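Trainee: Pasting in a structure now, in structure tokens, and then I'll have a few things to ask.
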Amino acid sequence: MATSKEYSEYILHVLGDGFSLKSMFGEYCLYYMGKTTAFVCDNRLLIKPTKQSVHLDEICEMQEAYPGSKLYYLVTDDQLSEPRGFIETMKAISAATPDKKPKKKH
């Protein structure tokens, strides 16, 4: 089941400024300030497992984004009613992610 447009808009509304989505095969990659922090798949928010998100082990279940993928932290809709901690985690993931190297021109 692909993520609905309504759910993707809801995620952006909840997370606020600095976050953006890019559509990929009916699902979405979630960016903060241009860096990948999570995925939105099957109407679920899945945060990347990193050193900055390891504390989510205590409150989030791990699930695949799609069959056979690695595991990500599932943020439930109930948890999104208090998004502040998740927003801070995704900002920390973004801050720890190196900038992309510019592509070489031939």
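Trainee: Taking residue 14, is it within 15 Å of residue 83 (Cβ to Cβ), in contact with a Pro (Cβ under 8 Å, 6 or more places away or on another chain) and at pLDDT 95 or above?
Mentor: On the way: within 15 Å of residue 83 (Cβ to Cβ): yes; in contact with a Pro (Cβ under 8 Å, 6 or more places away or on another chain): yes; at pLDDT 95 or above: yes.
Answer is yes for this residue.
Trainee: Still on this structure: Do any strands (runs of 3 or more DSSP E) lying entirely in the chain carry at least 3 residues that are surrounded by 15 or more Cβ atoms within 10 Å (Cβ to Cβ), and which ones are they?
Mentor: Working: elements: 19-24, 27-32, 35-41, 44-47, 61-64, 71-75.
The qualifying strands (runs of 3 or more DSSP E) are 27-32, 35-41, 44-47, 71-75.
Trainee: Still on this structure: What number of residues within the stretch 17-49 satisfy the criterion of being within 12 Å of residue 73 (Cβ to Cβ) and either at pLDDT below 95 or of a type in the set (A, V, I, L, M, F, W, C) (or both)?
Mentor: Taking the stretch 17-49 first, the residues within 12 Å of residue 73 (Cβ to Cβ) are 37-39, 44-49.
Narrowing further to those that are either at pLDDT below 95 or of a type in the set (A, V, I, L, M, F, W, C) (or both): 38-39, 45-47.
Final tally of qualifying residues: 5.
Trainee: Then there's this: Testing residue 68 on (1) within 28 Å of residue 102 (Cα to Cα); (2) modelled with pLDDT under 95, one condition comes back false. Which one is that?
Mentor: For residue 68, the exception is condition (1).
Trainee: Out of the residues in the stretch 61-91 that are small (Gly, Ala, Ser) and over 12 Å from the mean Cα position of the chain (by Cα), which is farthest from residue 16 (Cα to Cα)?
Mentor: 68
Trainee: So, one more: Taking only pairs six or more apart or across chains, which ones have beta-carbon atoms under 6 Å, a first residue in the stretch 51-72 that is within 20 Å of residue 94 (Cα to Cα) and touching a residue at least 24 places away in the same chain (Cβ under 8 Å), and a second residue that is of a type outside the set (Lys, Arg) and assigned to a loop (DSSP other than H, G, I, E, B)?
Mentor: The qualifying pairs are 72/65.
The values are calculated or read from the model by the stated rules, or taken from the named source; none is laboratory data. These numbers were taken from a predicted model, which means no experiment stands behind them. As a convention, Cβ positions derive from the backbone with ideal geometry for all residues, glycine included, and neighbour counts pool all protein chains shown.
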